[in-house]
Amino acid sequence: MKNYYEIENLENFTENDLKSIKNASQIIKNGGIVAFPTETVYGIGASIYIEEAIDKIYRVKNRPKDNPLIAHISSYEMVYNIISFENKIQEELFKFLANRLWPGPISFILKKSDNVNYFSTCGLDTISVRMPDNKIALKLIEFSNSPILAPSANLSGKPSCTNAKDVFFDFGENIDFIIDGGNTPIGIESTVLDLHLLDINNPNIYILRPGFITYEDIKNEIKEFLRKEKNSCELKNINVIINDNLIYKDDCDLKLNNKVLSPGIKYKHYKPSSFVILIKKDIKDFIEKESKIFTSIKEIIEKKLEDKKIDNKEIKESNDSNEIKIWVLHINKSFGNNIKRIFEKIDKILNDKNKKEINLIFRLINFNNEYELAKNYYSTAREGDKNGIDILIIEGLEKEGFKLSLMNRLIKSSDLLL
Ligand code: TXA
Ligand code: MG
């Protein structure tokens with residue numbers, strides 16, 4: 001592959017690595033688009049100053065035109081060039097947070113400066129900025145000598161890519177260059193924190209998307225800020241607002257004065273082709289809800305079998321029309337065992353009723369904790385699609401800390417919440 005380069009050691013670049021990042025930055029400067037790793041997920045980048053390149057990103061991703069991109073920067077000089085503060089308190093809080101959390105998995109929304117064209121912000125007067133914690137990304141931005149606008153590197157609506165192979169699968173030669181920096185360690189996108197409405201009359205900041213830096217982390221940061229810094233507004237309190245809808249509903253436009261704060265929220269996201277069932281944690285007693293889970297899963301299996309029958313009639317093939325492949329992603333062993341028991345029951349009923357054999361192929365995939373699930377979720381969902389998995393069942397998590405952030409993605413990618 002001509003447009004691909006792999007970097008093995010992120011801590012110690014070889015001369016060829018640096019040459020290749022330089023080459024990629026030249027592509028960016030010339031109006032091309034480049035995929036690169038960050039600590040969260042892969043991004044596809046273009047120079048913030050080249051409209052045709054930005055347009056190309058929207059085209060290859062098939063991304064709605066009103067959904068703005070995050071500006072990735074490698075230095076404070078770069079960020080101060082593209083943002084502006086409405087008041088002293090915004091400036092003080094931004095400096096405090098960025099200083100403590102950057103480079104890292106958090107994007108801040110502030111007013112844009114006049115140096116940034118409205119084209120680059122989808123017509124908004126705000127911009128979201130992030131200094132990623134990945135040496136390849138930072139070098140690429142530095143060599144490009146320009147902030148790099150980059151959405152996650154996936155076809156719009158699909159799960160984000162956490163490795164270069166998945167990026168290539170979605171885009172192939174439609175991207176001018178791909179830098180492979182291995183698997184991304186976090187696996188879900190950055191926290192998006194809106195600071196641009198903060199002022200003395202509105203002491204609020206808004207989490208538009210939770211991430212590795214959690215709601216609780218931000219609340220603690222605010223506590224520290226109020227304790228340590230002498231803030232010019234003498235604010236005693238700053239509220240960290242996270243809309244409950246972000247966590248448990250899909251139609252969760254976070255609005256203020258009727259203005260949608262985060263345009264991206266209204267679109268379907270992170271969706272594999274398989275039918276995704278997420279089983280909420282607030283089902284206190286699995287056994288108590290077992291009959292509901294049983295009925296729902298059975299119905300979906302029957303519907304899938306029906307669909308396959310119709311499809312097969314049309315294409316006159318009969319190979320796997322009686323086969324349903326199911327993967328179960330879970331952390332707790334007991335969850336896996338409970339689902340397995342339900343399947344055994346369904347299997348028995350379906351095969352008793354029908355004379356034909358129905359083959360339920362069932363696989364349990366166990367993760368040690370929420371971090372491991374987050375790191376592997378998108379790539380596992382994508383692998384499931386490649387393997388023709390019909391149904392993906394996921395064990396839901398509690399609504400706190402990093403689990404809440406991961407739940408936000410799982411809910412958005414699911415077809416059925418039980
Ligand atoms: O971790 C990440 O953030 C990755 C890596 C590549 O940095 N990027 C990423 O970008 O996830 P994307 O485009 O998939 O998500 C950006 C989110 C969208 O929900 C978008 O609506 C929101 O940030 N956003 C960007 N600029 C905004 C703005 N000015 N106001 C409100 N929301 C904004
Ligand atoms: Mg995205």
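Within region 168-216, the set of residues being farther than 25 Å from K139 by Cα, more than 16 Å from ligand 2 (Cβ to nearest atom) and among the charged types (D, E, K, R) comprises D194, D199, E216.
Determine, yes or no, whether L69 is surrounded by fewer than 18 Cβ atoms within 10 Å (Cβ to Cβ) and either touching a residue at least 24 places away in the same chain (Cβ under 8 Å) or in contact with a helix residue (DSSP H, G or I) (Cβ under 9 Å, 6 or more places away or on another chain) (or both). Answer is no for this residue.
On the basis of being more than 12 Å from ligand 1 (Cβ to nearest atom) and at pLDDT 95 or above, does K165 make the cut? Steps first, please.
On the way: more than 12 Å from ligand 1 (Cβ to nearest atom): yes; at pLDDT 95 or above: yes.
Judged against the criteria, K165 is a match.
This table checks each residue for (1) open to solvent by less than 10 Å² (accessible area, probe 1.4 Å); (2) touching a residue at least 40 places away in the same chain (Cβ under 8 Å); (3) more than 12 Å from the chain's Cα centre (by Cα).
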| residue | (1), (2), (3) |
| --- | --- |
| N145 | no, yes, yes |
| A153 | yes, yes, no |
| S160 | yes, yes, no |
| K165 | no, no, yes |
| F169 | no, yes, yes |
| N174 | no, yes, yes |
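Just checking, does region 256-265 include any residue being within 11 Å of ligand 1 (Cβ to nearest atom), open to solvent by 60 Å² or more (accessible area, probe 1.4 Å) and either at pLDDT below 95 or of a type in the set (S, T, N, Q) (or both)? It would help to see each step written out before you state the result.
Applying the first criterion (within 11 Å of ligand 1 (Cβ to nearest atom)) to region 256-265 yields 259-265.
If we keep only those that are open to solvent by 60 Å² or more (accessible area, probe 1.4 Å) too, we end up with 259.
So of that shortlist, the ones also either at pLDDT below 95 or of a type in the set (S, T, N, Q) (or both) come out as 259.
Within region 256-265, one or more residues are within 11 Å of ligand 1 (Cβ to nearest atom), open to solvent by 60 Å² or more (accessible area, probe 1.4 Å) and either at pLDDT below 95 or of a type in the set (S, T, N, Q) (or both).
Among the residues of region 77-123, those identified as part of a loop (DSSP other than H, G, I, E, B) and either out of contact with any strand residue (DSSP E or B) (no Cβ under 9 Å at 6 or more places or on another chain) or within 16 Å of ligand 2 (Cβ to nearest atom) (or both) are P105, N115, N117, C122, G123.
Applying the condition of being assigned to a strand (DSSP E or B) and touching a Lys or Arg at 6+ places or on another chain (Cβ under 8 Å) to region 41-67 and asking which residue is farthest from ligand 2 (Cβ to nearest atom) yields S47.
Pairing residues of region 18-44 that are within 16 Å of ligand 1 (Cβ to nearest atom) with residues that are open to solvent by 10 Å² or more (accessible area, probe 1.4 Å) and part of a helix (DSSP H, G or I), at Cβ distances under 6 Å and at least 6 apart in sequence or on separate chains, gives I33/K56; V34/I27. For region 379-396, which positions are open to solvent by 10 Å² or more (accessible area, probe 1.4 Å) and either part of a loop (DSSP other than H, G, I, E, B) or at pLDDT below 95 (or both)? Passing the criteria: N387, G388, I389, D390.
So, in region 216-247, exactly how many residues are hydrophobic (A, V, I, L, M, F, W, C) and modelled with pLDDT under 80? Give the derivation first.
Keep residues of region 216-247 that are hydrophobic (A, V, I, L, M, F, W, C), which gives 218, 222, 225-226, 233, 235, 238, 240-242, 246-247.
Now drop any that are not modelled with pLDDT under 80, which leaves 233, 246-247.
Result for region 216-247: 3.
Just name the residue that is nearest to D166 (Cα to Cα) out of those in region 360-378 that are open to solvent by 30 Å² or more (accessible area, probe 1.4 Å) and touching a helix residue (DSSP H, G or I) at 6+ places or on another chain (Cβ under 9 Å). Checking each candidate, the answer is Y371. Listed by first and then second residue, the pairs linking a residue in region 92-107 that is open to solvent by 10 Å² or more (accessible area, probe 1.4 Å) to a residue that is small (G, A, S) and within 15 Å of ligand 1 (Cβ to nearest atom), with Cβ atoms under 7 Å apart and 6 or more places separating them unless they lie on different chains, are P105/S190; P105/G211. Applying the criterion of being more than 18 Å from the chain's Cα centre (by Cα) and either away from ligand 1 (no atom under 12 Å from the Cβ) or among the charged types (D, E, K, R) (or both) to the residues of region 182-203, the residue that is nearest to R63 (Cα to Cα) is L198.
Looking at region 130-143, which of the residues that are touching a residue at least 60 places away in the same chain (Cβ under 8 Å) and in a loop (DSSP other than H, G, I, E, B) is surrounded by the most Cβ atoms within 10 Å (Cβ to Cβ)?
Among those residues, the one meeting the criterion is P132.
Here F85 meets each of (1) touching a helix residue (DSSP H, G or I) at 6+ places or on another chain (Cβ under 7 Å); (2) in contact (Cβ under 8 Å) with a residue 40 or more places away in the chain with one exception, condition (2). Taking region 6-20 as the range and being open to solvent by less than 60 Å² (accessible area, probe 1.4 Å) and within 19 Å of N174 (Cα to Cα) as the test, only S20 passes.
The values are calculated or read from the model by the stated rules, or taken from the named source; none is laboratory data. Computed from a predicted model, the values in this text were never measured in an experiment. Every residue, glycine as well, gets a Cβ built from its backbone with ideal geometry; the counts of neighbours run over all protein chains shown. Accessible surface areas use protein heavy atoms only, side chains included; no ligands, DNA or RNA. Shrake-Rupley method; radii C 1.70, N 1.55, O 1.52, S 1.80 Å.
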